[in-house]
Amino acid sequence: MSFHNQSKNSRYIWVFLCFLPLYTQTPCLAARANDDYLAYHRAVIEAETAIAAQDYTKALSLYVRLFDSHDFVFLRDYKIATQLALYIGKTDDSFVYLKKGITSGWTMKSIKKNKFLGKLQRLDNWKTTKQSYDSLRSVYQAHINPALRKRVQTMFRKDQWKAIGALFTLSSKAQQRYAERKFAPHSEKQLAQLNQIISTYGYPGERLIGNNYWTSTILSHHNSMSTRYAVKDTLYPHLKNSLQQAVLTGQMSPYEFAIIEDWYIAISSDHKEKSYGYLGALTETELVRANQLRSQIGLRSVETRNKLIDIEQQTGMDFYLPGRPQLNGKIRIIQP
């Protein structure tokens, strides 16, 4: 729920952020000097476009090429490759990517939760994979910064408790007062800490602390307090260039940047402007702008995203698409 007064359908999104699960967990690896993660994410878009066209063999080959060309791979991409390999009958390859996923933070709990992967548990390689789980998991744990992870997790928990206070306000005006008088001072301290962390270590996301949710939620909360606060805010605009750079260096996923910026643009414009499409339905004009902004940071188009949800329903695979704004998971496009 944004503290700012919103439409009936979106009013409770801001506090809902408090209860969303993590998307992925991935390790921090030293980047190659020539790693270009805008190119990385555009290669992911090419693979996702092949999935949308139901060319699963081509999609898998594009993911494999991506894995071979980058030291750091986002866990979500290993998850998808594991399922694609299984879907087209390459079970040995599926176990290869499953193990790579574990070294990138994929937990056994999450693996077992994926219903599509249930058939892997009936194959001979499953036993050896389970036996090697602890050693594979230790690879992941060796690459993240545990002290910084704990620090950011503590910040996230403080943010959650402070945000829950908005649940006890009975009106939009009371909600705004709480945001500006109670939450804003807390959030300003949080962003000052994040600025120091980013300046010292880089963006604390998947690559650095093995979590891609805590920091983006703190920033989304900050950006969604009220229009009056957002238009005067200098803290987030000061951090924005660092966040854009984090996307280019693989420290931050395009989605994380998009949802943070989506809130800022929506709230600072008093909901007159839409950007990446995660906070409500889009008109045809807004869709064009959303796709332009998405392309600039290496994020799939709205149409491709919606098509991937169709493919999920057809195949049973899970593409781990974050930010599902409506019940069917799709971003709604308003027809003229």
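Values quoted throughout were computed directly from the atomic coordinates according to the rules given, and no laboratory measurement underlies them. What you see is a predicted model; the values in this text were computed from it and never measured. No Cβ is skipped: glycine too gets one built from the backbone with ideal geometry, and neighbour counts run over all protein chains shown.
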### Query
Under the rule of -39500 (n - 2.57) per DSSP H run of 4 or more residues, summed and divided by the residues of the chain, what mean residue ellipticity at 222 nm is obtained, to the nearest 500 deg cm²/dmol?
-18500 deg cm²/dmol
### Task
List the pair-distance distribution P(r) of the chain, using every Cα-Cα distance, as the percent of pairs falling in each 20 Å bin from 0 up to the bin containing the longest distance, rounded to whole percents.
31, 58, 11, 0
### Task
Can you tell me the 0 to 90 degree angle between the C-alpha axis of helix 133-143 and the longest principal axis of the chain, rounded to 10?
50 degrees
### Task
For the range 147-249, calculate the relative contact order in percent as a whole number, restricting contacts to Cα pairs under 8 Å that are 6 or more residues apart.
33 percent
### Query
Please state the relative contact order of the chain as a whole percent: Cα pairs under 8 Å, 6+ residues apart?
23 percent
### Query
Taking the Cβ-Cβ separation of Glu188 and Ile333 as r and a Förster radius of 35 Å, what is the calculated FRET efficiency to the nearest 0.05?
0.40
#### Entry: GNM result for the chain, Cα springs below 10 Å: residue of Gln193, Gln131, Gln54 fluctuating most strongly
Gln131
## Note on the structure
Note on the range 179-230: contact order normalised by length, alpha-carbon pairs under 8 Å, 6 or more apart, percent, works out to 41 percent
### Query
Top mean-square fluctuation among Ile198, Ile259, Ile102, Gaussian network model of the chain, C-alpha springs under 10 Å?
Ile198
